[in-house]
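To start, the structure itself, in C-alpha cells.
Every read-out reported here was derived from the displayed coordinates using simple, explicitly stated rules and does not represent laboratory data. Predicted model, so just to flag it, every value in this text is computed and none were measured. Quick reminder, even Gly has a Cβ in these numbers, built from the backbone with ideal geometry, and neighbours come from all protein chains shown.
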Amino acid sequence: MNDTPQRAHRILDKLSQAKAADPDLEVFGADAHGYVVHPPANLQAVSDFEVRLGIQLPPAYRQFVLEVGNGGDGYQGSAAGPFYGIYGVGDSMGAMQSESLAKVVARPCVLSPGMSRPDWEALVTRLGLDGDLDDETYDEAHDTLFGGLLPLGSQGCSMYHGLVVNGPHTGRVVNFDIDRSGPPVFAFEPDFLTWYERWLDEVISGDLLQEGPSWFGYMRGGLEAELLAGWLGSEDAQTANEYLVGLLSKRRLSEATLDALVARQPENGEHRPLVCQIVCKHDPDKARALLTLLAAQEPLSFLQCLHWHARDRAQQWQAEVLAIADRITDLETFRFFTYVLEVLPVDRGSILTPFTRHEQAGVRRQALHALGKVADRRPHLHCFIAGLHDEDSTVVHASLQALHGVKDRSLLPHYRRVAERYPEERDHVLVNLEHRLKELGTSRATLLLAPAGAAHGTGLGAMMRHFANLVTGRRTGR
C-alpha cells in the first residue's frame with residue numbers, strides 16, 4: 001500500500017476497532033498501553049529529532065508519528081502497538097536519551113534478514129562480545145552490533161523491536177535481544193506502517209487473543225487464503241515452512257484449508273510435523289492419519305503435537321505413547337514423553353523408574369523430576385536415593401527437588417553424603433538440600449556435626465540420637 005493520507009485514516013479507524021475487539025485488554029501488552037495513542041508530533045519536532053540523531057526517519061515511520069500519533073500512556077510513554085507498544089519520538093525514546101541514540105543509529109546496520117545462528121555467533125565473536133572486555137570497549141562493540149537500529153518498543157526483559165534507519169534494509173522492523181541470546185528476526189513486512197497495520201488486523205481478527213504467546217512479527221502474516229496459496233506455491237523448504245508457521249498462528253482456519261493441508265501432506269513429508277500441528281490444533285479428528293504416521297516415524301513430533309494441541313485427547317493415543325518408551329534415545333523426546341504421560345491413566349512410577357538409570361544425565365534428571373510428581377513417591381524412594389548419589393550435580397539437584405515434602409528420616413545419611421560432597425554451591429544443590437533438611441527439623445551445619453559413622457546406613461540410629469540430643473540441648477557422650 002502507498003503512504004497516503006487515507007492509510008493513516010484507515011489505521012486510526014482500525015485502532016478504534018482493535019480496542020473494541022479487546023475490551024478486557026487480553027492481547028499481550030494491551031493492559032499497559034490501553035490502545036491509547038497521543039496526538040501526532042508536529043513537523044518541527046520531528047525535524048529537530050532527525051537533526052539530533054543525524055538521520056532521516058524512514059517514510060512510513062515518519063508518516064506514523066506525523067499523521068497517526070506520537071507516544072501514549074504505556075510503558076515509558078509508549079503508544080498502542082505490538083508487545084508493550086511504540087515509543088514516542090522526542091528528547092528520548094524509551095530509556096535512551098537522544099545523545100546516546102545518535103551514537104548507535106549513525107553506525108551502519110550489520111544485521112540482515114535470515115541471519116543464521118552460526119553467522120550471528122561469528123559476528124559476536126568478531127566484535128569480542130563473548131570475551132572479557134572493559135566497559136568502554138564493550139559499549140563500543142555493543143553499539144556496533146546494534147548499529148543503525150532505532151528502538152521502537154519493548155517486548156519485555158531484554159527483547160525489543162527496532163527500525164533499521166540505514167543500509168539496504170532501511171525501513172524494516174527487526175526483533176532483537178540486547179543480551180544476544182540469538183540472532184535478530186526481521187519482520188516480513190516491508191515497512192513500519194504495513195507491520196503496524198498487520199498488528200491491528202490480527203487484534204481485530206482475534207488471532208492475537210488466543211491462549212499462549214503470539215510472538216507477533218516473528219512469523220509471516222497474511223490472510224488464511226494467502227498463506228495457504230503461498231505454501232502450495234513455494235519452491236523451497238524454508239519459504240514453505242514460513243507460510244505453514246503463519247497458518248499455525250491463526251486462531252481459526254476453515255474446513256477447506258484443513259482439508260487442503262491433509263490432502264497435500266503426502267507430497268511434503270518434511271513438513272508433516274508442522275502440518276499435523278496445524279490440523280490437530282483446529283480438528284484433532286482430521287489429524288488422525290497424520291498422527292498415526294508421526295507415532296511410527298517421528299515420535300518426538302507426535303508427542304509434541306499431542307502435548308501442544310490434543311492434550312485432552314491423549315488417552316485415545318495411549319497405546320502409541322507407551323510403545324514409544326522402548327524407542328527413546330534422546331532427552332527432548334523423553335521430556336515430551338513425560339509431559340504426555342501425566343494425563344494418561346497409567347502407573348507412571350513403574351514406567352519412569354528405568355529411566356532414572358539411563359546413561360544420559362539429562363534423561364535421569366528429567367525422570368526424577370517427573371517421578372517427583374507421582375501421587376505416592378514412597379515406593380520409588382530408592383530411585384531418589386540413587387539420584388542423591390549421582391555423579392552429575394544436576395541430577396542430585398533434581399532428586400532433592402523431587403523429594404519436596406517427603407519427611408522420611410531414613411534420608412538423612414544420604415543428605416549428609418550430599419553435604420560432604422558439595423562443600424560449595426553447585427547447580428543449586430546446597431540451597432535445595434537446606435530446604436529438605438529444614439523439613440526434617442535440621443540443617444546442613446547440624447547434619448555435619450553428627451558422628452562420621454552416622455553417615456552410613458548402620459549408623460542411622462546413632463545419627464537419630466545425636467539429632468535428638470541436639471534438639472533437647474544435650475551432647476552425645478562421644
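Here, the stretch 5-205 has an Rg and a Dmax of 16.8, 52 Å when only alpha carbons are counted.
If I fit a long axis through the Cα atoms of helix 393-402 and take the longest principal axis of the Cα atoms of the chain, what angle between them do I get, 0 to 90°, rounded to 10? The angle comes out near 80 degrees.
Please list, in order, the residues from the stretch 293-322 whose amide nitrogen is less than 16 Å from a point placed 7 Å along the Cα→Cβ vector of Val346. Residues 295-296, 299-307, 311-322 qualify, since their backbone N sits under 16 Å from the label point. In the stretch 219-345, the alpha-carbon atoms span a convex hull of 106 Å³ per residue.
Taken over the alpha carbons of the chain as equal point scatterers, the Debye sum produces base-10 log I(q)/I(0) values at 0.05, 0.07, 0.08, 0.09 Å⁻¹ of -0.29, -0.55, -0.70, -0.83.
In plain terms, the chain from Glu420 to Arg313 could stretch by 33.8 nm, reckoned as 0.36 nm per residue minus the Cα-Cα distance.
Here the residues His414, His161, ranked from fewest to most Cβ neighbours within 10 Å of their Cβ, fall in the order His414, His161.
Just check the stretch 344-412 against the gyration tensor rule for me: Cα atoms, a ≥ b ≥ c as the square roots of the eigenvalues, rounded for a/c under 1.5, and otherwise prolate or oblate depending on whether a/b exceeds b/c. It is oblate, given that a/c is not under 1.5 and a/b is not larger than b/c. Rounded to the nearest 10 degrees, the inclination of helix 255-264 to the longest alpha-carbon principal axis of the chain is 70 degrees.
Pairs of lysine residues in the chain that meet both criteria, 8 or more places apart or on different chains and Cα atoms under 21 Å apart, total 7. Along the charge dipole of the chain, Cβ charges K/R +1 and D/E -1, which of Val65, Val46, Trp308 sits furthest on the positive end? Of the candidates, Trp308 comes out farthest on the positive side.
For the chain, take the longest principal axis of its alpha carbons; what is the angle in degrees between that and the long axis of helix 412-421, to the nearest 10 within 0 to 90? Orientation of helix 412-421: about 60 degrees from the principal axis. Shown for Ile178, Ile86, Ile11: other C-beta atoms within 10 Å of each C-beta, ranked fewest to most, produce the order Ile178, Ile11, Ile86.
Computed extension gain for Trp120 through Asp285, at 0.36 nm per residue and net of the alpha carbon distance, reaches 55.2 nm. When every Cα-Cα distance of the stretch 126-271 is counted in 5 angstrom steps from zero, the calculated P(r) takes the values 2, 8, 15, 17, 16, 14, 10, 8, 5, 3, 1, 0 percent. In whole angstrom, how far apart do the alpha carbon centroids of the stretch 127-159 and the stretch 165-214 sit? About 20 Å separates the Cα centre of the stretch 127-159 from the one of the stretch 165-214. Taking the Cα of Asp31, stepping 7 Å toward and past its beta carbon, and measuring to each backbone N in the stretch 146-185: which are under 20 Å? Residues 154-159 fall inside that zone.
With neighbours defined as other Cβ atoms within 10 Å of a residue's Cβ, the residues His33, His9 order from fewest to most as His9, His33. Ratio of Rg to Rh for the stretch 4-87: 1.01 [Cα atoms; Kirkwood radius as inverse mean 1/r over pairs]. The stretch between Gln17 and Ser443 holds 147.4 nm of extra length on full extension. This uses 0.36 nm per residue minus the Cα-Cα distance.
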